[in-house]
Amino acid sequence: MDTQLAKSYSPTESEQKWYVNWINENYFAPRDGAGVYSILMPPPNVTGILHFGHILNNTLQDLYIRRNRMKGASSVWFPGLDHAGIATQTKVEQDLRKEGKTRHDLGREEFLKRVWEWKDKYGGVILKQLRTLGASPDWDRTLFTMDESASNAVREVFIRLFDEDLIYRGKRIVNWSPLAQSAVSDEEVIFKEMKEYMYFLRYYIEGMDSYMVVATARPETLFGDVAVAVNPKDTRYTALIGKKVRVPLSDRMVPIIADDYADPEFGTGCVKITPAHDPNDYQVGLRHNLEAINTINPDATLNELAGDFKGLDRFEARKQMVELLKERLLIENIQDYTHNVGYSERGGEPIEPYLSDQWFVKMAPLAEPALKVVQDGEIKFYPEHWTKTYEHWMTNIRDWCISRQLWWGHRIPVYYADNGEFTAAHNEEEARKKLGLNENAVLKQDEDVLDTWFSSWLWPMTTMGWLADGKEEVTEELQKYLPTNLLVTGPDIIFFWVARMIMATLKFKQQIPFKDVYFTSTVRDGKGRKMSKSLGNSPDPLDVIAKYGADAVRFTMIYLAPLGQDVRMEVNEKDQDVPAMDLGRNFANKIWNAGRFLLMKRREAVSVDGETDLYETPLSKEQMTAADKWILSRFHSTIRDVDNALENYKVTEYSKLLYDFIWKDFCDWYLEIMKAQMNESGDIAYRQQLSRFALDIYDGILKLLHPVMPFITEELWHAVEDRDVNESISVSDAPEANEENIDRKVEENFENLQLIVDEIRRLRSSANIPPSEKLPVVMLGEDIDALNVLHFQKNTISSLGRCSTLEIGGKAERPVQALSSVVRGVEIFVSLAGKIDIEKERARLLKEVSRLENLIGSTEKKLSNEGFTSKAPEQVITAEREKLASMKDSLLKTQENLASLK
RNA sequence: GGGCGAUUAGCUCAGUUGGUCUAGAGCGCCUGCCUUACAAGCAGGAUGUCGGGAGUUCAAGUCUCUCAUCGCCCACCA
């Protein structure tokens with residue numbers, strides 16, 4: 001036991017000390033216990049850097065894993081890292097560019113070597129940063145999605161799905177990222193509203209002098225036009241169907257076709273059909289057996305079919321083509337046009353709809369069972385309303401484009417023979433067998449890699465060793481920890497990841513991956529903007545932790561992040577500060593000082609004769625004062641409420657419960673009362689017992705708080721008791737609510753005392769009396785029992801109310817020069833002989849009289865309403881009547897006091 | 001276009017099944033205090049037509065409808 005605590009808590013030192021200790025003692029590994037509990041950490045990108053979203057997310061996970069660890073469950077938090085295909089490849093390519101090289105200069109193998117080197121050197125910084133936050137995953141289980149074990153599972157899954165015809169290859173219009181020169185999934189496209197132009201182009205009709213006007217926002221694609229469509233019901237154009245028109249700036253003649261896709265209301269009712277460059281046009285093309293002419297290169301420049309415009313970037317080409325069209329009088333009109341344009345989530349450049357061969361997963365068969373488990377409540381979402389979003393997506397699901405034209409990722413295990421046949425296999429040998437080829441046949445493996453999420457969706461299984469060698473179906477971990485208990489993640493990846501994990505785990509393990517999903521709030525700045533690097537409104541959490549302490553940051557985040565609501569935190573951009581963190585910092589300091597105080601009192605109690613063994617005798621019920629019973633009752637009801645809040649993922653409530661209990665009940669009231677109780681008793685044994693009693697509650701407070709504030713609670717847990725360094729609060733037993741200690745009556749009695757003390761303080765304060773000046777106080781009333789209770793707590797009231805003398809009922813007389821008030825039938829007089837400001841006091845009492853009169857009026861009105869008295873429940877009416885009686889009594893007494901004021 | 005969420009004190013937000021709500025907390029503001037753990041503190045105080053309107057009910061911040069404003073998600077017509 002430390003003999004003394006510093007005046008305030010300094011986090012940095014103790015954070016480092018205890019984290020090292022936790023690691024050394026291996027406290028994050030599961031221990032045998034009652035029940036199991038597990039959480040999968042959403043693997044951060046290997047390129048990731050800690051931001052406030054991570055702070056919130058990981059604090060939540062840590063809170064739950066720590067709590068369950070303390071509840072005795074064998075608990076594992078599975079950590080890991082995502083290889084993040086595009087993000088990582090881009091990063092390494094940027095580095096290469098500084099050397100004036102591209103990935104093609106190095107070649108695939110050499111390039112991948114560079115990526116791995118980069119990964120070993122810079123990757124996974126975020127996992128180290130998580131330690132600063134105090135996160136307690138079982139680090140020994142850290143999995144990287146490109147680890148051999150994960151790759152084995154990915155390959156096996158691909159082959160199984162391929163063999164089941166759930167994976168297929170197809171020519172489709174995909175979202176093409178010209179920067180990455182790869183396909184991306186629908187989920188990786190972000191639509192932005194753009195102000196552009198609608199061009200009305202003239203398509204001259206064959207054999208006629210007239211033209212059709214076709215509206216388009218993308219004139220640069222016109223070399224790919226293969227038709228002009230009109231609606232079959234659109235009588236304006238009926239006569240033209242079947243005729244041909246000339247594509248502007250070219251010699252090509254294309255047919256006028258009838259298709260419902262053309263909307264007579266939109267533009268001119270005529271739409272150009274460019275199957276290779278628009279997903280809708282592609283469908284029209286299929287219906288009418290039209291050729292798809294690709295006029296754009298993978299880097300979004302125009303190809304040789306664009307004639308003079310060949311080699312120009314698509315937007316430059318648009319500009320130049322429009323000029324030429326104007327020159328040749330082929331433009332009827334140009335209008336402002338605001339529409340949504342898809343941008344690449346990663347590269348930020350506009351997505352190009354691009355016709356190419358890609359690999360897809362058939363989603364419908366996988367989605368059906370995945371939808372059911374959520375609808376049936378097997379998997380619960382918090383907040384619940386996300387199930388609607390989930391249902392909507394799952395019922396309108398589209399096939400998932402999983403191929404990426406990148407190098408960094410899991411290579412698609414598909415082998416092509418010379419004859420164009422192909423199959424998925426573990427290796428060439430197996431592929432030859434499957435294709436029925438002889439062993440000398442030359443095969444070529446698919447060049448593409450898989451979407452990053454194709455490994456992420458197996459996360460619940462690969463983290464537990466599933467198919468680590470490509471075969472192992474059942475592992476100890478899978479049997480023990482699947483399904484996991486909780487997934488904490490952002491709602492932004494509900495489709496990317498959450499839905500797909502549910503599908504994959506159901507498909508391959510016939511189990512749900514997790515029971516509860518907690519969708520975190522988005523962290524925003526004071527203006528409601530999402531925190532982002534580019535806006536400069538996202539301070540480095542490590543700096544903030546260094547300034548306030550990890551516990552303070554954790555507590556503040558939890559306190560501010562209600563379930564289902566965004567979190568707003570004022571950010572001071574100038575010094576990159578988050579002032580809200582004061583809340584947690586001040587709270588930590590409060591807890592620290594409460595410990596300091598208790599330690600001091602304990603030393604005082606012990607130092608009298610050094611008899612420590614008396615501690616072992618607990619304070620008996622008979623010895624307990626009303627205040628002791630009250631704090632014990634409050635403590636146990638807080639435990640109960642905390643359990644409840646956490647079970648329902650109301651973490652904000654959890655933090656508020658503890659904040660209020662510790663600050664208000666324990667520190668403001670109980671510790672102040674304890675001072676009085678210690679002072680008034682000369683009994684050494686009693687003082688030691690009382691100090692023991694308070695410390696026991698304090699010990700429970702630390703434990704309740706530990707999941708959210710791990711460091712300071714560990715520090716204090718060791719500071720206030722004689723404990724071995726190797727012991728840890730993180731594996732101590734969580735306090736349990738004992739209903740026997742919860743006593744509503746005791747709490748109500750104490751609330752009376754609080755009201756009376758409050759009133760004395762208020763009277764003193766109204767006359768600006770400093771705390772150092774003690775005044776005589778008299779209390780009168782008719783209710784003998786109530787006065788007796790107060791009499792019992794005379795010393796406490798006297799101490800808290802700073803009374804020089806305190807007379808309660810009996811022979812006490814109403815003092816003359818006094819401030820007065822009435823609380824629940826008890827009249828309180830604070831003597832202020834000679835110093836009373838009669839006019840001020842009169843005004844105060846008059847105000848009170850009118851307040852009471854108003855309330856009495858409205859309550860009487862309510863009670864005389866027959867609808868109320870006949871329909872409201874009995875106890876509500878009784879409560880109203882009691883309230884009325886009490887107010888009338890107060891009114892009477894206040895009026896008397898007013899009259900006798902001289 | 002479809003869906004979801006929000007709107008409560010100057011700011012950030014609590015407020016579970018409608019009745020102890022005479023609507024709370026933190027920050028900020030005002031007053032008095034270095035009262036023997038804590039000035040990162042203690043005690044006290046002021047501030048709200050609970051977004052507007054209508055309805056259900058004896059009773060609405062809470063339930064229903066409607067309007068307004070803001071935010072998010074999905075889809076996307078050239």
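Numbers at a glance
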quantity: Folded to 0 to 90 degrees: helix A:500-509 orientation relative to chain A principal axis, Cα; calculated: 80 degrees
quantity: Set of lysines with alpha-carbon distance to A:Lys319 below 23 Å, sequence-local pairs under 8 removed; calculated: A:Lys192, A:Lys195, A:Lys272, A:Lys310
quantity: As computed over segment A:110-150, the Cα convex hull volume per residue (Å³); calculated: 75 Å³
quantity: Semi-axis lengths (Å, descending) of the ellipsoid that matches the C-alpha gyration tensor of segment A:619-676; calculated: 25, 14, 5
quantity: Semi-axes of the equivalent ellipsoid for segment A:259-314, Cα gyration tensor, largest first, Å; calculated: 25, 14, 9
quantity: Cα convex hull of segment A:109-235, projected area averaged across orientations, nm²; calculated: 16.9 nm²
quantity: D_trans [Stokes-Einstein, Kirkwood Rh over alpha-carbon pairs] for segment A:1-153, 20 °C, 1.002 mPa s, µm² s⁻¹; calculated: 120 µm²/s
quantity: Expected 222 nm ellipticity per residue - DSSP helices of 4 or more, -39500 (n - 2.57), all of chain A, to 500; calculated: -13500 deg cm²/dmol
quantity: Projected label distance in nm at A:Asn738 and A:Lys7, using a 7 Å step from Cα toward the beta-carbon; calculated: 3.9 nm
quantity: Length gained when the stretch A:Asp722-A:Ala899 is fully extended (0.36 nm per residue, less Cα-Cα span); calculated: 57.6 nm
quantity: Accessible carbon and sulfur surface of segment A:803-902 relative to its total accessible area, %, 1.4 Å; calculated: 54 percent
quantity: Extension gain, A:Asp668 back to A:Gln576 (0.36 nm per residue minus Cα-Cα distance, nm); calculated: 29.7 nm
quantity: Listed peptides A:619-625, A:889-895 by packing density, highest first (mean Cβ within 10 Å); calculated: A:889-895, A:619-625
quantity: 20 Å tail of the calculated P(r), segment A:208-283, as % of Cα pairs; calculated: 22 percent
quantity: Calculated P(r) tail over 15 Å for segment A:645-722, as whole % of Cα pairs; calculated: 64 percent
quantity: Förster-model FRET efficiency, 35 Å R0, A:Glu332 and A:Asp566, C-beta, rounded to 0.05; calculated: 0.15
quantity: Separation between Cα centres of segment A:6-49 and segment A:443-469, rounded to whole Å; calculated: 29 Å
quantity: Listed residue pairs exceeding 23 Å between alpha carbons, taken from A:Lys601/A:Lys664; A:Lys388/A:Lys650; A:Lys601/A:Lys703; A:Lys774/A:Lys883; A:Lys601/A:Lys629; calculated: A:Lys774/A:Lys883
quantity: With DNA, RNA and ligands ignored, accessible area of A:His426 (1.4 Å probe; Å², nearest 10); calculated: 70 Å²
quantity: Set A:Lys362/A:Lys515; A:Lys119/A:Lys509; A:Lys433/A:Lys471; A:Lys91/A:Lys530 screened for pairs whose C-alpha atoms are more than 27 Å apart; calculated: A:Lys119/A:Lys509
quantity: Whole-angstrom Cα spans of chain A along principal axes, big to small; calculated: 120, 65, 55
quantity: With 10 Å bins from 0: P(r) over segment A:70-131, alpha-carbon pairs, percent; calculated: 18, 41, 20, 12, 6, 3
quantity: Whole-number accessible area per residue in Å² for chain A, which is evaluated in the context of all protein chains at 1.4 Å; calculated: 45 Å²
quantity: Convex hull volume of segment A:424-531 per residue (C-alpha atoms, cubic angstrom); calculated: 133 Å³
quantity: Cα-based equivalent ellipsoid, segment A:15-74: semi-axes from gyration tensor eigenvalues, Å; calculated: 23, 16, 11
quantity: Point-to-point label distance, A:Tyr168-A:Lys774, nm (Cα→Cβ direction, 7 Å offset); calculated: 9.1 nm
quantity: Alpha-carbon Debye profile of segment A:392-484, log10 I(q)/I(0) at 0.12, 0.17, 0.24 Å⁻¹; calculated: -0.57, -0.93, -1.11
quantity: Inter-label distance, nm, simple model (7 Å from Cα along the C-beta direction), A:Gln283/A:Asp785; calculated: 7.7 nm
quantity: Largest to smallest accessible area among A:Glu647, A:Glu739 [probe 1.4 Å]; calculated: A:Glu647, A:Glu739
quantity: FRET efficiency, A:Arg762 to A:Asn26 (Cβ-Cβ, R0 41 Å, nearest 0.05); calculated: 0.15
quantity: Chain A: angle of helix A:108-122 to the longest principal axis, Cα-based, in degrees nearest 10; calculated: 10 degrees
quantity: Kirkwood Rh (inverse of mean 1/r, distinct Cα pairs), segment A:150-293, angstrom; calculated: 17.5 Å
quantity: Counting all C-alpha pairs of segment A:502-592, share separated by more than 20 Å (%); calculated: 47 percent
quantity: Segment A:224-368 - convex hull of the alpha-carbon atoms, volume per residue in Å³; calculated: 173 Å³
quantity: Shape parameters for segment A:305-391, alpha-carbon atoms, Rg then Dmax in Å; calculated: 22.9, 66
quantity: Residues A:Ile493 and A:Glu680, FRET efficiency given R0 of 51 Å [Cβ-Cβ distance, rounded to 0.05]; calculated: 0.25
quantity: Listed peptides A:807-814, A:633-640 by packing density, highest first (mean Cβ within 10 Å); calculated: A:633-640, A:807-814
quantity: Fraction of accessible area attributable to carbon and sulfur, segment A:592-737 (%, probe 1.4 Å); calculated: 46 percent
quantity: Rounded if a/c under 1.5, otherwise prolate or oblate - segment A:780-862, Cα gyration tensor axes; calculated: oblate
quantity: Percent accessible area from carbon and sulfur atoms, segment A:337-382, protein chains only, probe 1.4 Å; calculated: 46 percent
quantity: Reach of A:Lys444 by Cα under 17 Å, taken over aspartates and glutamates that are not fewer than 8 positions away in the same chain; calculated: A:Glu109, A:Asp357, A:Asp418, A:Glu421, A:Glu428, A:Glu429, A:Glu430
quantity: Per-peptide average of other Cβ atoms within 10 Å, ordering A:213-222, A:784-793 highest first; calculated: A:213-222, A:784-793
quantity: Gained length - A:Glu391 relative to A:Leu855, 0.36 nm times residue gap less alpha-carbon distance; calculated: 161.9 nm
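The values are calculated or read from the model by the stated rules, or taken from the named source; none is laboratory data. This is a predicted model, so every value here is computed, not measured. Because the Cβ atoms are built from the backbone with ideal geometry, glycine has one as well, and the counts that use them run over all protein chains shown. Please note that ligands, DNA and RNA were not included when accessible areas were found on the heavy atoms of the full protein model with its side chains. Shrake-Rupley method; radii C 1.70, N 1.55, O 1.52, S 1.80 Å.
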